[in-house]
Amino acid sequence: MKFKSFIVALLACGASYVASAEVYNITLSNAQRYTQCRIVYSTDSMTKFRGLDRSGREVTLEVRTSSILVKQEVAEATAPAAPAPAAPETPSTPEPETTQTEAPAAEPQTTEGETSSAEAAPSEATPATPEAPQVAVAEDSSRRLREKLDQVKAEYQALSSPSSSLTSIYNSRLRTLERNMTELHRLATQVSELQAKYNTVVGGDYTFTIVPNADRDKYQRDGRAAYDAMVIDVREYRNQRKVGGLDKFEILRDRYQGIPEYREAYNWYMTTLRDLERRWGNLLRREEQRRARYNNGRREEMRHQDEAALRRLAAQFEQQGEQLAQVWFNPDARNLLMLRTASNKVRDAIRRNENGLRDEAIGTVPQLINNFWTVMDQARDLMIRGDFEGAKKLLDEDENFKKLVRLNTELFPNDYRTPLRNQRQALEREIQKRKRDRNNLQNQLQNAISRLERSSSAAEAQMDNLLEQIRKEREHDTETSTAEIEESSPQPASGNEG
């Protein structure tokens, strides 16, 4: 009768599981993961559940309970519609290997305006781990075995008079299991530590240090500052400062043709050069005509005076660290040598810069730099999420970067280009390093989980076997007690008396 009561209780337990509304995400020891799972029944030996596999297909599985590494309850609001209630099932004697039944679920019937539960449930982002084993996996495995060991001890101690053979087996197995539990705890700790390292490698933050965030727009800021300095000189009315503005433009021309303001500056520059060509040309012709009226001696004397004045001007520039041939200056209107030098310089400048806006990349460099950092940030985010292949592919296919580094130095000087190239190479090295570290840790983690699972399975099999022997002896004691009670009961009187 006690055995029958036990079966009834077991069926009642199974029925409560079927009726339960709890929803779980389940990870098995073979690294397979299922979401939105509902338990059909669960015993110490076997568990049956329905849920969604990684592709979103509904499956029904029957597995050994010990093979469930993680069973995490999820919010009811994200669960799919509950499967139809099933009759309570009593699992048959478990096979040594995990049994699995998987049948394709029929396509759910939907009406207009509705979607199936598989479509309605948002897909979960799968972290870049070996099917996302958590640190808690190892702890759960160790705790579950310790609880089962406590169950073995409790059921043995509940026996009123265990047989000597069972006692001998029990004591021997208990010593072995206690040693095994120590090893399992060590393996569980190792798995937890490896998982923590793995999470750090895959999800660790990364900061751009070669080009900090504050320097991302340095090229545009410096170019704008050069442009503003030129504009200040352009707006001055004094002719000397007007000529100084030409010097400022040539800084823009040699380094910052990539900024949008360059086209406006160029147009001003060319307009100023043509104006100076006309003005200085007129002064030169008037002075030549005036000197043509002088005799040779007077002309020679004035030539020596012009040369001396030009040497004094060159000395002044040298004191300021500049060369006369490289700076713009206002010639003396009565110095023929200065007028010729300045006129030749302005005509040469017009000739060299006449086609200065032909390059299509003029004014586009700030946008190219912004695009560069957009890709770098995206690659960094992919790397942090563990998608190293995606991050590398994104960088390899970045045509914007290839265009940026091919620009000539007048558009994009090397002192701006080189830090960007170095920062990109540093990110590529970090991606490769994290990928290597991830693969190494992944192998170590998978090996450690496999060792833990094998050890856990062996220990659990020993406990199951010991529990089976204890329960058989309890059933035998129950049957013996029942027989003794029946024999001792008074027998009814025989049919006829003499």
**Study point:** Counted residues, the stretch 156-193 - those being surrounded by 11 or more Cβ atoms within 10 Å (Cβ to Cβ) and touching a residue at least 60 places away in the same chain (Cβ under 8 Å)
**Key:** 18
Check your understanding: Which of the residues belonging to the stretch 198-214 are in contact with a helix residue (DSSP H, G or I) (Cβ under 8 Å, 6 or more places away or on another chain), surrounded by fewer than 16 Cβ atoms within 10 Å (Cβ to Cβ) and assigned to a helix (DSSP H, G or I)?
Key -> Gly203
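To keep it simple, each residue is scored yes or no on (1) part of a loop (DSSP other than H, G, I, E, B); (2) modelled with pLDDT of 90 or more; (3) on the phi < 0 side of the Ramachandran plot.
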site	(1), (2), (3)
Thr27	no, no, yes
Asn30	yes, no, yes
Tyr34	no, yes, yes
Arg38	no, yes, yes
Arg54	yes, no, yes
Leu61	no, yes, yes
Leu69	no, no, yes
**Study point:** Subset of the stretch 438-478 [farther than 22 Å from Asn30 by Cβ and among the aliphatic types (A, V, I, L, M)]
**Key:** Leu466, Leu467, Ile470
Check your understanding: Within the stretch 326-374, which residues are among the polar types (S, T, N, Q) and more than 30 Å from Thr207 (Cβ to Cβ)?
Key -> Gln326, Asn330, Asn335, Thr341, Ser343, Asn344, Asn353, Asn355
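Taking the options Ser172, Ser142, Ser165, name whichever one is among the polar types (S, T, N, Q) and modelled with pLDDT under 80.
Numbers: Ser172 fails: modelled with pLDDT under 80; Ser165 fails: modelled with pLDDT under 80.
Answer to the check: Ser142.
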Check your understanding: Does Gly321 satisfy being open to solvent by less than 30 Å² (accessible area, probe 1.4 Å) and closer than 28 Å to Tyr256 by Cβ?
Key -> no
Practice item. From Arg285, Arg263, Arg290, Arg274, grab the single residue that is in a helix (DSSP H, G or I), more than 30 Å from Glu410 (Cα to Cα) and open to solvent by 50 Å² or more (accessible area, probe 1.4 Å). Key: Arg285
Check your understanding: Is it true that Ala309 is of a type in the set (A, V, I, L, M, F, W, C) and in a helix (DSSP H, G or I)?
Key -> yes
**Study point:** Tabulated pairs, the stretch 462-476, first in contact (Cβ under 8 Å) with a residue 60 or more places away in the chain, second open to solvent by 50 Å² or more (accessible area, probe 1.4 Å) and part of a helix (DSSP H, G or I), C-beta under 6 angstrom, 6+ apart or interchain
**Key:** Gln462/Arg173; Leu466/Arg173; Glu475/Phe3
Practice item. Among the residues of the stretch 375-412, write down those that are over 20 Å from Gly204 (Cα atoms) and either open to solvent by less than 60 Å² (accessible area, probe 1.4 Å) or of a type in the set (Val, Ile, Thr) (or both). Key: Asp398, Asn400, Phe401, Leu404, Val405, Leu407, Thr409, Leu411, Phe412
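Per-residue answers, yes or no, for (1) over 30 Å from Asn447 (Cα atoms); (2) free of Cβ contacts under 8 Å to residues at least 24 places away in the same chain; (3) among the aliphatic types (A, V, I, L, M):
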| residue | (1), (2), (3) |
| --- | --- |
| Val201 | no, no, yes |
| Gly204 | no, no, no |
| Ala225 | yes, yes, yes |
| Val234 | yes, no, yes |
| Val243 | yes, no, yes |
| Ile259 | yes, no, yes |
| Tyr269 | yes, no, no |
| Arg274 | yes, no, no |
| Glu288 | yes, no, no |
Practice item. Being in contact with a helix residue (DSSP H, G or I) (Cβ under 8 Å, 6 or more places away or on another chain) and within 21 Å of Arg451 (Cβ to Cβ) is the filter; apply it to the stretch 142-155 and report the residue that is surrounded by the fewest Cβ atoms within 10 Å (Cβ to Cβ). Key: Arg146
Revision key, fill the gap. Subset of the stretch 351-371, residues surrounded by fewer than 16 Cβ atoms within 10 Å (Cβ to Cβ) and either modelled with pLDDT under 95 or in contact with a strand residue (DSSP E or B) (Cβ under 7 Å, 6 or more places away or on another chain) (or both), comes to Arg351, Arg352, Glu354, Asn355, Leu357, Arg358, Asp359, Glu360
Exercise for review: Test each condition in (1) at pLDDT 90 or above; (2) surrounded by 14 or more Cβ atoms within 10 Å (Cβ to Cβ); (3) of a type outside the set (A, V, I, L, M); (4) over 16 Å from Phe249 (Cα atoms) for Lys345 and report the one that comes out false.
Suggested key: (4)
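The values are calculated or read from the model by the stated rules, or taken from the named source; none is laboratory data. In this text, all values refer to a predicted model and were calculated from it rather than measured experimentally. Neighbour counts are summed over all protein chains in view; Cβ atoms, including those assigned to glycine, are modelled from backbone coordinates with ideal geometry. Remember, those area values only see protein heavy atoms, side chains included, never the ligands or the DNA or RNA. Shrake-Rupley method; radii C 1.70, N 1.55, O 1.52, S 1.80 Å.
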